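Since the structure comes first, as C-alpha coordinates, the remarks are kept for the end.
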Amino acid sequence: VLIDATAITDLAGNAFAGITDPNTWSFSTPGATIVDSTPPTLQPNVVTTVAGNAPFEVKVVVVENESTVSNVSVDYRMLSDGPGAFSNQALSLVAGSGNVYSFSFPSNQLGPLGLEYRIKATSVGGTKTDITRNVRISQADGLTIPYSSHGTEQANYRIVSVPLELETNTMRAVFTDDLGAIDIKKWRVGRYENGTNNQNYDGSIVPGQGYWLLVRTSGPTIDTGPGVTVAANLTDQFKISLTQGWNQIGNPFTFPLSWADVQAANPGLPGISVYTGGYAPGTTLAAFEGAFINMAAAQTITIPLKRTVTSGRANGTPVLTNPIDQTDWEVSFKLQQGNLFTLMPGVGMRKRALNDFDAFDYFAPPRLDEFVEFNHTRKFNGTNYSRDIVPTEPNHIWEFTAETSRESDPVTIEWDNSYFGNNEQHLILWDEARQLGIDLREVTSYTFNPRESRRFKVLYGDRSFVNEKTKVSSLVLHDVYPNPAQTDATVAFSLPDRLQTAVEVYDMLGNKSVIFSGELPQGLNKVTWKPGDARTAGMYIIRVISGGEVKLKRLMVN
(Lines give C-alpha, C1' and ligand atoms only; values in the text may rest on other atoms or scores of the structure.)
Protein backbone atom coordinates (compact mmCIF):
# COMPACT_ATOMS: atom_id res chain seq x y z
CA VAL A 1 0.00 0.00 0.00
CA LEU A 2 1.44 3.31 -1.04
CA ILE A 3 0.87 6.26 1.36
CA ASP A 4 1.51 9.84 0.45
CA ALA A 5 3.81 10.88 3.30
CA THR A 6 3.17 14.57 2.68
CA ALA A 7 -0.45 14.01 3.66
CA ILE A 8 0.47 12.66 7.10
CA THR A 9 0.21 15.10 10.00
CA ASP A 10 0.33 14.77 13.77
CA LEU A 11 -2.53 15.67 16.07
CA ALA A 12 -1.33 19.25 16.18
CA GLY A 13 -1.38 19.50 12.34
CA ASN A 14 2.37 19.29 11.82
CA ALA A 15 3.50 17.68 8.52
CA PHE A 16 5.31 14.33 8.56
CA ALA A 17 9.06 14.73 8.33
CA GLY A 18 10.23 11.15 8.01
CA ILE A 19 11.54 8.27 10.05
CA THR A 20 14.41 9.47 12.22
CA ASP A 21 15.43 6.11 13.65
CA PRO A 22 14.75 2.97 11.55
CA ASN A 23 15.50 0.71 14.51
CA THR A 24 12.79 2.12 16.78
CA TRP A 25 10.58 3.61 14.15
CA SER A 26 10.44 6.99 15.92
CA PHE A 27 9.00 9.78 13.86
CA SER A 28 9.51 13.51 13.79
CA THR A 29 7.37 16.33 12.45
CA PRO A 30 8.43 19.96 11.94
CA GLY A 31 7.50 22.11 14.98
CA ALA A 32 5.84 19.22 16.75
CA THR A 33 4.68 19.74 20.36
CA ILE A 34 3.91 17.16 22.97
CA VAL A 35 0.29 17.22 23.97
CA ASP A 36 0.19 17.13 27.82
CA SER A 37 -2.92 18.57 29.46
CA THR A 38 -2.68 16.89 32.87
CA PRO A 39 0.04 17.94 35.38
CA PRO A 40 2.07 15.37 37.30
CA THR A 41 0.71 14.10 40.58
CA LEU A 42 2.73 14.16 43.81
CA GLN A 43 2.48 11.58 46.54
CA PRO A 44 4.82 12.65 49.37
CA ASN A 45 5.58 10.79 52.53
CA VAL A 46 4.00 12.71 55.43
CA VAL A 47 6.49 14.35 57.78
CA THR A 48 4.60 16.63 60.19
CA THR A 49 6.92 16.93 63.18
CA VAL A 50 10.61 16.60 63.85
CA ALA A 51 12.90 17.14 66.82
CA GLY A 52 14.41 20.59 66.72
CA ASN A 53 17.98 19.35 66.44
CA ALA A 54 17.48 16.55 63.92
CA PRO A 55 17.72 16.50 60.12
CA PHE A 56 14.92 14.79 58.23
CA GLU A 57 14.20 13.47 54.74
CA VAL A 58 11.22 13.99 52.46
CA LYS A 59 10.40 11.57 49.63
CA VAL A 60 7.82 12.08 46.93
CA VAL A 61 6.44 9.80 44.20
CA VAL A 62 5.97 11.80 40.98
CA VAL A 63 3.51 10.29 38.49
CA GLU A 64 3.34 11.67 34.91
CA ASN A 65 1.09 9.69 32.55
CA GLU A 66 1.16 11.80 29.38
CA SER A 67 4.86 12.65 29.00
CA THR A 68 7.90 12.49 31.25
CA VAL A 69 9.09 14.43 34.26
CA SER A 70 11.36 17.35 33.44
CA ASN A 71 12.20 18.73 36.88
CA VAL A 72 11.41 18.19 40.55
CA SER A 73 12.53 20.79 43.10
CA VAL A 74 11.77 21.94 46.63
CA ASP A 75 11.48 25.46 48.08
CA TYR A 76 11.69 25.89 51.83
CA ARG A 77 12.02 28.54 54.52
CA MET A 78 11.99 28.77 58.29
CA LEU A 79 8.57 29.44 59.78
CA SER A 80 9.81 32.47 61.72
CA ASP A 81 11.50 34.38 58.91
CA GLY A 82 8.49 36.34 57.76
CA PRO A 83 7.84 36.71 54.03
CA GLY A 84 11.46 35.98 53.12
CA ALA A 85 12.53 34.24 49.94
CA PHE A 86 12.40 30.45 49.66
CA SER A 87 15.63 28.47 49.38
CA ASN A 88 15.38 26.45 46.16
CA GLN A 89 16.96 22.99 45.84
CA ALA A 90 16.62 20.14 43.31
CA LEU A 91 15.31 16.81 44.52
CA SER A 92 17.34 13.73 43.68
CA LEU A 93 15.87 10.74 41.89
CA VAL A 94 16.29 7.71 44.13
CA ALA A 95 18.35 5.12 42.27
CA GLY A 96 16.36 2.12 41.13
CA SER A 97 13.05 3.52 42.38
CA GLY A 98 11.67 4.60 39.02
CA ASN A 99 9.87 7.80 39.99
CA VAL A 100 10.73 8.46 43.66
CA TYR A 101 12.57 11.69 44.47
CA SER A 102 14.09 12.66 47.84
CA PHE A 103 15.64 15.58 49.69
CA SER A 104 17.32 15.74 53.11
CA PHE A 105 16.77 18.92 55.15
CA PRO A 106 19.70 19.82 57.38
CA SER A 107 18.82 20.60 61.02
CA ASN A 108 20.13 24.18 60.73
CA GLN A 109 17.25 25.00 58.38
CA LEU A 110 14.68 24.40 61.10
CA GLY A 111 13.49 27.62 62.68
CA PRO A 112 11.90 27.91 66.14
CA LEU A 113 8.58 26.73 64.72
CA GLY A 114 9.96 24.38 62.05
CA LEU A 115 9.88 25.04 58.33
CA GLU A 116 7.55 25.30 55.37
CA TYR A 117 8.43 23.49 52.15
CA ARG A 118 6.91 23.41 48.69
CA ILE A 119 7.66 20.56 46.24
CA LYS A 120 7.25 21.45 42.56
CA ALA A 121 7.21 19.10 39.56
CA THR A 122 7.27 20.05 35.87
CA SER A 123 6.64 17.69 32.95
CA VAL A 124 8.36 17.74 29.55
CA GLY A 125 5.04 18.91 28.19
CA GLY A 126 5.18 21.99 30.43
CA THR A 127 2.48 21.13 32.95
CA LYS A 128 3.28 21.94 36.59
CA THR A 129 2.05 21.05 40.03
CA ASP A 130 3.14 21.72 43.60
CA ILE A 131 2.25 20.91 47.20
CA THR A 132 3.06 22.82 50.40
CA ARG A 133 3.64 21.24 53.78
CA ASN A 134 4.64 22.35 57.28
CA VAL A 135 7.05 20.53 59.53
CA ARG A 136 6.64 21.53 63.18
CA ILE A 137 9.07 21.15 66.06
CA SER A 138 8.31 18.37 68.52
CA GLN A 139 9.33 19.00 72.13
CA ALA A 140 9.28 15.58 73.75
CA ASP A 141 10.56 16.94 77.06
CA GLY A 142 8.50 20.12 76.92
CA LEU A 143 9.76 23.68 77.38
CA THR A 144 10.67 25.62 80.50
CA ILE A 145 8.41 28.53 81.48
CA PRO A 146 10.69 31.33 82.72
CA TYR A 147 9.67 32.69 86.12
CA SER A 148 11.98 34.54 88.50
CA SER A 149 9.59 36.83 90.38
CA HIS A 150 9.12 34.64 93.43
CA GLY A 151 7.18 36.05 96.36
CA THR A 152 3.71 36.57 97.76
CA GLU A 153 3.07 40.21 96.86
CA GLN A 154 0.85 41.37 94.05
CA ALA A 155 3.94 42.76 92.32
CA ASN A 156 5.28 39.19 92.03
CA TYR A 157 2.59 38.15 89.57
CA ARG A 158 3.63 37.65 85.95
CA ILE A 159 1.59 36.89 82.82
CA VAL A 160 2.90 33.71 81.17
CA SER A 161 2.06 31.85 77.99
CA VAL A 162 2.70 28.33 76.67
CA PRO A 163 3.72 28.28 72.96
CA LEU A 164 2.99 24.56 72.42
CA GLU A 165 0.02 22.40 71.58
CA LEU A 166 0.42 20.12 74.57
CA GLU A 167 -0.26 16.41 74.70
CA THR A 168 -1.99 17.04 78.04
CA ASN A 169 -3.08 20.64 78.25
CA THR A 170 -4.75 20.90 81.65
CA MET A 171 -3.52 23.43 84.21
CA ARG A 172 -2.83 20.62 86.65
CA ALA A 173 -0.71 18.64 84.16
CA VAL A 174 1.43 21.67 83.38
CA PHE A 175 1.97 23.06 86.88
CA THR A 176 1.35 20.47 89.60
CA ASP A 177 4.06 18.11 88.33
CA ASP A 178 6.68 20.75 89.14
CA LEU A 179 5.06 22.91 91.84
CA GLY A 180 3.25 20.21 93.78
CA ALA A 181 -0.39 19.83 94.68
CA ILE A 182 -2.56 22.92 94.36
CA ASP A 183 -1.91 25.17 97.36
CA ILE A 184 -2.81 28.85 96.95
CA LYS A 185 -0.44 29.70 99.81
CA LYS A 186 2.46 28.38 97.71
CA TRP A 187 1.45 29.02 94.09
CA ARG A 188 -1.52 29.91 91.97
CA VAL A 189 -2.50 30.26 88.33
CA GLY A 190 -5.11 32.81 87.32
CA ARG A 191 -6.78 34.03 84.18
CA TYR A 192 -8.89 37.02 83.22
CA GLU A 193 -12.21 35.77 81.88
CA ASN A 194 -15.73 37.17 81.54
CA GLY A 195 -14.73 40.52 82.98
CA THR A 196 -13.11 39.10 86.14
CA ASN A 197 -9.61 38.16 87.24
CA ASN A 198 -10.07 34.53 88.31
CA GLN A 199 -7.11 33.93 90.64
CA ASN A 200 -7.67 30.17 90.79
CA TYR A 201 -7.89 29.04 87.18
CA ASP A 202 -8.22 25.29 86.58
CA GLY A 203 -8.94 25.04 82.86
CA SER A 204 -7.01 24.31 79.68
CA ILE A 205 -3.60 25.74 78.76
CA VAL A 206 -3.55 26.62 75.05
CA PRO A 207 -1.36 28.77 72.77
CA GLY A 208 -2.48 32.37 72.35
CA GLN A 209 -3.81 32.75 75.90
CA GLY A 210 -2.15 34.45 78.85
CA TYR A 211 -2.22 33.27 82.47
CA TRP A 212 -1.38 34.94 85.77
CA LEU A 213 1.32 33.02 87.65
CA LEU A 214 2.42 33.58 91.25
CA VAL A 215 4.97 31.29 92.93
CA ARG A 216 6.05 31.89 96.50
CA THR A 217 9.54 30.36 96.60
CA SER A 218 12.10 29.33 94.04
CA GLY A 219 12.56 25.65 93.41
CA PRO A 220 12.17 23.32 90.47
CA THR A 221 11.81 24.65 86.97
CA ILE A 222 8.33 24.71 85.47
CA ASP A 223 8.16 22.49 82.38
CA THR A 224 5.20 22.47 80.06
CA GLY A 225 5.25 18.75 79.33
CA PRO A 226 5.51 17.30 75.80
CA GLY A 227 3.96 19.14 72.89
CA VAL A 228 4.51 20.52 69.43
CA THR A 229 4.84 24.06 68.10
CA VAL A 230 1.70 25.66 66.70
CA ALA A 231 0.43 24.95 63.20
CA ALA A 232 0.97 28.17 61.28
CA ASN A 233 2.59 29.30 58.05
CA LEU A 234 2.58 32.42 55.89
CA THR A 235 -0.56 31.31 54.08
CA ASP A 236 -2.51 30.05 57.08
CA GLN A 237 -1.21 32.19 59.94
CA PHE A 238 -1.96 31.80 63.65
CA LYS A 239 -5.14 33.54 64.79
CA ILE A 240 -6.52 34.60 68.17
CA SER A 241 -10.23 35.20 68.71
CA LEU A 242 -10.84 38.22 70.96
CA THR A 243 -14.02 39.38 72.64
CA GLN A 244 -15.23 42.93 73.18
CA GLY A 245 -13.48 44.49 76.18
CA TRP A 246 -10.40 43.20 77.93
CA ASN A 247 -8.62 40.03 76.76
CA GLN A 248 -5.62 38.32 78.37
CA ILE A 249 -3.53 37.02 75.50
CA GLY A 250 -0.24 35.12 75.25
CA ASN A 251 2.55 34.86 72.72
CA PRO A 252 1.82 31.67 70.71
CA PHE A 253 5.40 31.45 69.39
CA THR A 254 8.74 30.57 70.95
CA PHE A 255 10.30 33.88 69.88
CA PRO A 256 9.49 37.56 70.66
CA LEU A 257 6.85 39.42 68.65
CA SER A 258 6.89 43.09 67.77
CA TRP A 259 3.42 44.41 68.52
CA ALA A 260 3.88 46.94 65.71
CA ASP A 261 4.07 43.98 63.31
CA VAL A 262 0.86 42.57 64.77
CA GLN A 263 -0.84 45.96 64.38
CA ALA A 264 0.37 46.19 60.78
CA ALA A 265 -1.28 42.83 60.09
CA ASN A 266 -4.49 44.00 61.80
CA PRO A 267 -5.12 47.70 60.95
CA GLY A 268 -6.69 49.64 63.79
CA LEU A 269 -5.64 47.14 66.47
CA PRO A 270 -4.93 48.87 69.82
CA GLY A 271 -1.76 48.51 71.87
CA ILE A 272 -1.05 45.99 74.61
CA SER A 273 -0.44 46.38 78.33
CA VAL A 274 2.25 44.21 79.93
CA TYR A 275 2.78 43.56 83.64
CA THR A 276 6.16 43.63 85.39
CA GLY A 277 5.06 44.38 88.94
CA GLY A 278 2.93 47.16 87.49
CA TYR A 279 1.21 47.80 84.18
CA ALA A 280 3.00 49.44 81.25
CA PRO A 281 2.25 49.88 77.55
CA GLY A 282 4.14 47.18 75.65
CA THR A 283 6.00 47.29 72.37
CA THR A 284 7.14 43.66 72.38
CA LEU A 285 5.39 40.47 73.41
CA ALA A 286 8.20 38.31 74.73
CA ALA A 287 8.33 34.54 74.37
CA PHE A 288 6.44 32.74 77.16
CA GLU A 289 4.77 35.99 78.20
CA GLY A 290 1.37 37.57 77.84
CA ALA A 291 -0.43 40.89 77.96
CA PHE A 292 -3.83 42.60 78.04
CA ILE A 293 -5.61 44.14 75.07
CA ASN A 294 -8.88 46.08 75.13
CA MET A 295 -11.08 45.53 72.07
CA ALA A 296 -13.86 47.86 70.94
CA ALA A 297 -15.60 44.87 69.35
CA ALA A 298 -15.07 41.13 69.00
CA GLN A 299 -12.44 40.32 66.37
CA THR A 300 -10.22 37.47 65.24
CA ILE A 301 -6.69 38.79 64.79
CA THR A 302 -3.76 37.40 62.80
CA ILE A 303 -0.39 36.91 64.50
CA PRO A 304 2.24 37.26 61.74
CA LEU A 305 5.15 34.85 61.52
CA LYS A 306 7.84 37.44 61.93
CA ARG A 307 10.56 36.99 64.49
CA THR A 308 11.58 40.10 66.45
CA VAL A 309 15.35 40.53 66.54
CA THR A 310 15.47 41.99 70.05
CA SER A 311 14.39 39.82 72.95
CA GLY A 312 12.33 40.64 76.00
CA ARG A 313 9.37 42.89 76.54
CA ALA A 314 9.11 46.66 76.72
CA ASN A 315 9.35 47.41 80.44
CA GLY A 316 9.06 51.13 79.88
CA THR A 317 6.60 53.26 78.00
CA PRO A 318 6.95 53.66 74.23
CA VAL A 319 6.97 57.46 74.37
CA LEU A 320 7.32 59.69 71.34
CA THR A 321 10.04 62.03 72.61
CA ASN A 322 9.67 65.03 70.31
CA PRO A 323 9.80 68.62 71.63
CA ILE A 324 6.35 69.62 72.80
CA ASP A 325 5.93 72.30 70.14
CA GLN A 326 6.04 69.65 67.41
CA THR A 327 2.95 68.12 65.80
CA ASP A 328 3.62 64.73 67.42
CA TRP A 329 4.73 64.41 71.06
CA GLU A 330 3.88 62.46 74.22
CA VAL A 331 4.49 62.55 77.96
CA SER A 332 4.26 59.39 80.03
CA PHE A 333 3.47 59.48 83.75
CA LYS A 334 4.61 56.92 86.29
CA LEU A 335 2.41 56.67 89.36
CA GLN A 336 4.14 55.16 92.39
CA GLN A 337 2.49 54.37 95.72
CA GLY A 338 4.66 52.22 97.92
CA ASN A 339 5.31 49.03 95.94
CA LEU A 340 2.39 49.76 93.58
CA PHE A 341 3.07 51.48 90.28
CA THR A 342 1.71 51.97 86.80
CA LEU A 343 3.23 53.36 83.61
CA MET A 344 -0.06 53.54 81.73
CA PRO A 345 -1.07 57.22 82.17
CA GLY A 346 -0.02 59.88 79.71
CA VAL A 347 -0.97 62.76 77.44
CA GLY A 348 0.15 63.87 74.00
CA MET A 349 -0.70 64.93 70.48
CA ARG A 350 -0.38 63.37 67.05
CA LYS A 351 -1.60 64.78 63.77
CA ARG A 352 -2.88 61.29 62.84
CA ALA A 353 -4.71 60.79 66.14
CA LEU A 354 -8.51 60.56 66.23
CA ASN A 355 -10.90 62.31 68.56
CA ASP A 356 -12.24 58.85 69.37
CA PHE A 357 -10.19 55.91 70.62
CA ASP A 358 -7.34 54.77 68.37
CA ALA A 359 -4.10 52.78 68.55
CA PHE A 360 -2.29 55.69 70.30
CA ASP A 361 -4.59 55.58 73.35
CA TYR A 362 -4.57 53.23 76.33
CA PHE A 363 -6.89 52.26 79.16
CA ALA A 364 -5.99 51.11 82.67
CA PRO A 365 -6.05 47.27 82.49
CA PRO A 366 -8.22 45.15 84.82
CA ARG A 367 -7.50 45.82 88.47
CA LEU A 368 -5.92 43.34 90.80
CA ASP A 369 -6.55 43.50 94.55
CA GLU A 370 -4.54 46.70 94.85
CA PHE A 371 -4.13 49.42 92.23
CA VAL A 372 -3.14 53.00 91.51
CA GLU A 373 -4.47 54.70 88.36
CA PHE A 374 -5.04 57.97 86.52
CA ASN A 375 -8.36 57.88 84.68
CA HIS A 376 -9.18 60.62 82.19
CA THR A 377 -12.72 61.96 82.20
CA ARG A 378 -12.96 61.00 78.51
CA LYS A 379 -14.40 57.53 77.93
CA PHE A 380 -14.78 55.03 75.12
CA ASN A 381 -17.30 52.21 75.35
CA GLY A 382 -17.85 53.19 78.97
CA THR A 383 -14.15 52.87 79.90
CA ASN A 384 -11.99 55.82 80.98
CA TYR A 385 -8.81 56.58 79.05
CA SER A 386 -5.55 56.25 80.96
CA ARG A 387 -3.39 57.65 78.15
CA ASP A 388 -5.15 60.11 75.88
CA ILE A 389 -3.38 61.15 72.66
CA VAL A 390 -5.43 63.82 70.85
CA PRO A 391 -5.19 65.45 67.40
CA THR A 392 -2.60 68.23 67.24
CA GLU A 393 -3.90 71.65 68.29
CA PRO A 394 -2.41 74.87 69.76
CA ASN A 395 -4.03 74.48 73.19
CA HIS A 396 -5.62 71.62 75.09
CA ILE A 397 -6.75 70.53 78.56
CA TRP A 398 -6.73 66.93 79.79
CA GLU A 399 -8.78 66.18 82.92
CA PHE A 400 -8.40 63.07 85.04
CA THR A 401 -8.84 61.64 88.51
CA ALA A 402 -6.46 59.70 90.74
CA GLU A 403 -7.80 56.29 91.81
CA THR A 404 -6.08 54.10 94.37
CA SER A 405 -6.86 51.28 96.77
CA ARG A 406 -4.57 52.83 99.42
CA GLU A 407 -5.87 56.25 100.38
CA SER A 408 -3.52 56.53 103.38
CA ASP A 409 -0.26 56.44 101.39
CA PRO A 410 1.10 59.36 99.34
CA VAL A 411 1.27 59.01 95.57
CA THR A 412 4.15 60.30 93.48
CA ILE A 413 3.84 61.23 89.81
CA GLU A 414 7.07 61.11 87.78
CA TRP A 415 7.83 62.18 84.20
CA ASP A 416 10.72 62.87 81.86
CA ASN A 417 11.07 66.46 80.63
CA SER A 418 14.51 66.18 79.05
CA TYR A 419 13.13 66.34 75.51
CA PHE A 420 10.59 69.18 75.89
CA GLY A 421 12.82 71.59 73.98
CA ASN A 422 13.39 75.34 74.25
CA ASN A 423 10.06 76.64 73.00
CA GLU A 424 7.16 78.80 74.13
CA GLN A 425 4.67 76.02 74.85
CA HIS A 426 3.71 75.49 78.49
CA LEU A 427 2.76 72.18 80.10
CA ILE A 428 1.26 72.49 83.58
CA LEU A 429 -0.01 69.81 85.97
CA TRP A 430 -2.86 71.38 87.96
CA ASP A 431 -3.97 69.96 91.31
CA GLU A 432 -7.56 71.21 91.61
CA ALA A 433 -7.97 70.53 95.33
CA ARG A 434 -4.85 72.52 96.23
CA GLN A 435 -5.23 75.01 93.39
CA LEU A 436 -1.60 74.17 92.76
CA GLY A 437 0.23 74.32 89.45
CA ILE A 438 3.34 72.26 88.71
CA ASP A 439 5.40 73.24 85.69
CA LEU A 440 6.35 69.98 84.02
CA ARG A 441 9.36 71.72 82.45
CA GLU A 442 10.86 72.66 85.80
CA VAL A 443 10.52 69.50 87.90
CA THR A 444 10.20 65.77 87.23
CA SER A 445 7.90 64.63 90.06
CA TYR A 446 5.00 65.66 92.26
CA THR A 447 3.77 63.94 95.44
CA PHE A 448 0.22 64.30 96.70
CA ASN A 449 -2.10 62.94 99.38
CA PRO A 450 -4.86 60.95 97.63
CA ARG A 451 -7.29 61.78 100.42
CA GLU A 452 -6.90 65.45 99.55
CA SER A 453 -6.05 65.51 95.86
CA ARG A 454 -8.09 63.47 93.41
CA ARG A 455 -8.85 65.69 90.42
CA PHE A 456 -6.09 66.93 88.12
CA LYS A 457 -5.62 68.69 84.81
CA VAL A 458 -2.77 68.96 82.36
CA LEU A 459 -2.83 72.27 80.54
CA TYR A 460 -0.98 72.70 77.26
CA GLY A 461 -0.61 75.95 75.34
CA ASP A 462 0.94 79.39 75.26
CA ARG A 463 1.27 81.64 78.29
CA SER A 464 -1.99 83.53 77.75
CA PHE A 465 -3.97 80.28 77.50
CA VAL A 466 -2.37 78.76 80.61
CA ASN A 467 -2.88 81.97 82.61
CA GLU A 468 -6.52 82.12 81.59
CA LYS A 469 -7.12 78.50 82.63
CA THR A 470 -5.27 78.73 85.96
CA LYS A 471 -7.38 81.49 87.47
CA VAL A 472 -7.60 81.38 91.24
CA SER A 473 -9.83 83.20 93.70
CA SER A 474 -6.91 84.27 95.89
CA LEU A 475 -3.11 84.19 95.95
CA VAL A 476 -1.71 80.64 95.74
CA LEU A 477 1.98 79.98 96.39
CA HIS A 478 3.00 76.73 94.71
CA ASP A 479 5.90 74.48 95.64
CA VAL A 480 9.36 76.01 95.34
CA TYR A 481 11.62 73.88 93.17
CA PRO A 482 14.05 72.34 93.29
CA ASN A 483 13.90 71.92 97.03
CA PRO A 484 16.55 71.41 98.34
CA ALA A 485 18.29 73.71 95.86
CA GLN A 486 21.94 73.68 94.83
CA THR A 487 21.90 76.92 92.82
CA ASP A 488 18.84 78.61 91.33
CA ALA A 489 15.34 78.05 92.70
CA THR A 490 12.01 78.83 91.05
CA VAL A 491 9.14 80.39 92.98
CA ALA A 492 5.78 79.67 91.30
CA PHE A 493 2.49 81.27 92.32
CA SER A 494 -0.93 82.06 90.87
CA LEU A 495 -2.70 85.42 91.08
CA PRO A 496 -6.45 86.07 90.97
CA ASP A 497 -5.95 89.24 88.91
CA ARG A 498 -3.24 91.51 87.52
CA LEU A 499 -1.65 92.72 90.75
CA GLN A 500 1.38 94.45 92.19
CA THR A 501 3.45 91.61 93.63
CA ALA A 502 6.64 91.27 95.68
CA VAL A 503 8.73 88.15 96.18
CA GLU A 504 11.13 88.16 99.10
CA VAL A 505 13.67 85.74 100.62
CA TYR A 506 14.67 85.66 104.29
CA ASP A 507 17.53 83.74 105.87
CA MET A 508 17.42 82.39 109.43
CA LEU A 509 18.89 85.63 110.77
CA GLY A 510 16.06 87.66 109.29
CA ASN A 511 18.08 89.21 106.46
CA LYS A 512 15.78 90.03 103.54
CA SER A 513 16.42 89.98 99.80
CA VAL A 514 13.80 91.26 97.38
CA ILE A 515 14.02 89.14 94.24
CA PHE A 516 11.04 90.68 92.44
CA SER A 517 8.74 93.66 92.78
CA GLY A 518 6.29 94.74 90.11
CA GLU A 519 2.98 94.09 88.43
CA LEU A 520 2.20 90.57 87.21
CA PRO A 521 -0.74 89.16 85.21
CA GLN A 522 -3.41 86.87 86.60
CA GLY A 523 -2.82 83.15 86.53
CA LEU A 524 0.41 81.22 86.92
CA ASN A 525 3.65 83.20 87.35
CA LYS A 526 7.25 82.21 88.07
CA VAL A 527 10.20 84.09 89.56
CA THR A 528 13.74 82.68 89.74
CA TRP A 529 15.98 83.31 92.73
CA LYS A 530 19.69 83.28 91.95
CA PRO A 531 21.43 83.27 95.34
CA GLY A 532 24.89 83.28 93.73
CA ASP A 533 28.19 82.04 95.16
CA ALA A 534 27.79 84.09 98.36
CA ARG A 535 24.81 82.08 99.53
CA THR A 536 24.91 80.29 102.88
CA ALA A 537 23.63 76.74 103.15
CA GLY A 538 20.59 76.38 105.35
CA MET A 539 16.91 77.14 105.60
CA TYR A 540 15.32 80.14 103.84
CA ILE A 541 11.80 81.54 103.89
CA ILE A 542 10.15 82.54 100.60
CA ARG A 543 7.55 85.30 101.06
CA VAL A 544 5.09 86.38 98.34
CA ILE A 545 2.97 89.49 98.88
CA SER A 546 0.16 90.36 96.46
CA GLY A 547 -3.25 92.04 96.72
CA GLY A 548 -3.01 92.32 100.49
CA GLU A 549 -2.27 88.61 100.88
CA VAL A 550 0.93 87.02 102.13
CA LYS A 551 2.06 83.42 101.53
CA LEU A 552 5.18 81.65 102.87
CA LYS A 553 7.21 78.60 101.83
CA ARG A 554 10.40 77.06 103.17
CA LEU A 555 13.41 76.41 100.96
CA MET A 556 16.51 74.40 101.87
CA VAL A 557 19.76 75.46 100.17
CA ASN A 558 22.65 72.98 100.18
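The values are calculated or read from the model by the stated rules, or taken from the named source; none is laboratory data. This one's a predicted model, so the numbers in the text were calculated from it and none came from an experiment. All Cβ positions, even for glycine, are placed from backbone atoms using ideal geometry, and neighbour counts span all protein chains on display. Calculation scope for accessible area: heavy atoms of the full protein, side chains included, ligands and nucleic acids excluded. Shrake-Rupley method; radii C 1.70, N 1.55, O 1.52, S 1.80 Å.
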Legend entry - Boolean, residue 61 is farther than 21 Å from residue 254 by Cα, part of a strand (DSSP E or B) and more than 42 Å from the chain's Cα centre (by Cα): yes
Residue check for residue 280: in a strand (DSSP E or B) and buried (at least 19 other Cβ atoms within 10 Å of the Cβ):
yes
Only one of 124, 94 is touching an Asp or Glu at 6+ places or on another chain (Cβ under 9 Å), more than 30 Å from residue 211 (Cα to Cα), open to solvent by 40 Å² or more (accessible area, probe 1.4 Å) and hydrophobic (A, V, I, L, M, F, W, C), namely 124
Picking from 177, 202, 183, the residue that is farther than 14 Å from residue 165 by Cβ, part of a loop (DSSP other than H, G, I, E, B), of a type in the set (Asp, Glu) and open to solvent by 70 Å² or more (accessible area, probe 1.4 Å) would be 202
Within region 85-122, the residues that are of a type in the set (Gly, Ala, Ser), outside any strand (DSSP E or B) and over 39 Å from the mean Cα position of the chain (by Cα) are 95, 96, 97, 98
Conditions (1) open to solvent by 20 Å² or more (accessible area, probe 1.4 Å); (2) not in a loop (DSSP other than H, G, I, E, B) -> residue 369 fails only (2)
When residue 413 is run through (1) farther than 30 Å from residue 364 by Cα; (2) outside any loop (DSSP other than H, G, I, E, B); (3) open to solvent by less than 60 Å² (accessible area, probe 1.4 Å), the failure sits at (1)
Of the residues in region 186-199 that are among the charged types (D, E, K, R) and over 23 Å from the mean Cα position of the chain (by Cα), the one that is surrounded by the most Cβ atoms within 10 Å (Cβ to Cβ) is 188
When restricted to 115, 110, 91, the only residue in contact with a helix residue (DSSP H, G or I) (Cβ under 8 Å, 6 or more places away or on another chain) and within 24 Å of residue 46 (Cβ to Cβ) is 115
Apart from one, (1) open to solvent by 20 Å² or more (accessible area, probe 1.4 Å); (2) touching a strand residue (DSSP E or B) at 6+ places or on another chain (Cβ under 9 Å) all hold for residue 220; the odd one out is (2)
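Each row is one residue, and each column tells you yes or no for (1) open to solvent by less than 40 Å² (accessible area, probe 1.4 Å); (2) in a strand (DSSP E or B); (3) small (Gly, Ala, Ser); (4) closer than 24 Å to residue 462 by Cβ.
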position	(1), (2), (3), (4)
505	yes, yes, no, no
516	no, yes, no, yes
525	yes, yes, no, yes
536	no, no, no, no
545	no, yes, no, no
552	no, yes, no, no
556	no, yes, no, no
Flagged pairs (Cβ under 7 angstrom, 6 or more apart or on separate chains; first in region 432-454, at positive phi and of a type outside the set (Val, Ile, Thr); second surrounded by fewer than 19 Cβ atoms within 10 Å (Cβ to Cβ) and at pLDDT below 95) are 435/472
Here the residues within region 229-257 that are assigned to a strand (DSSP E or B), open to solvent by less than 20 Å² (accessible area, probe 1.4 Å) and at pLDDT 95 or above are 240, 242, 247, 248, 249, 250
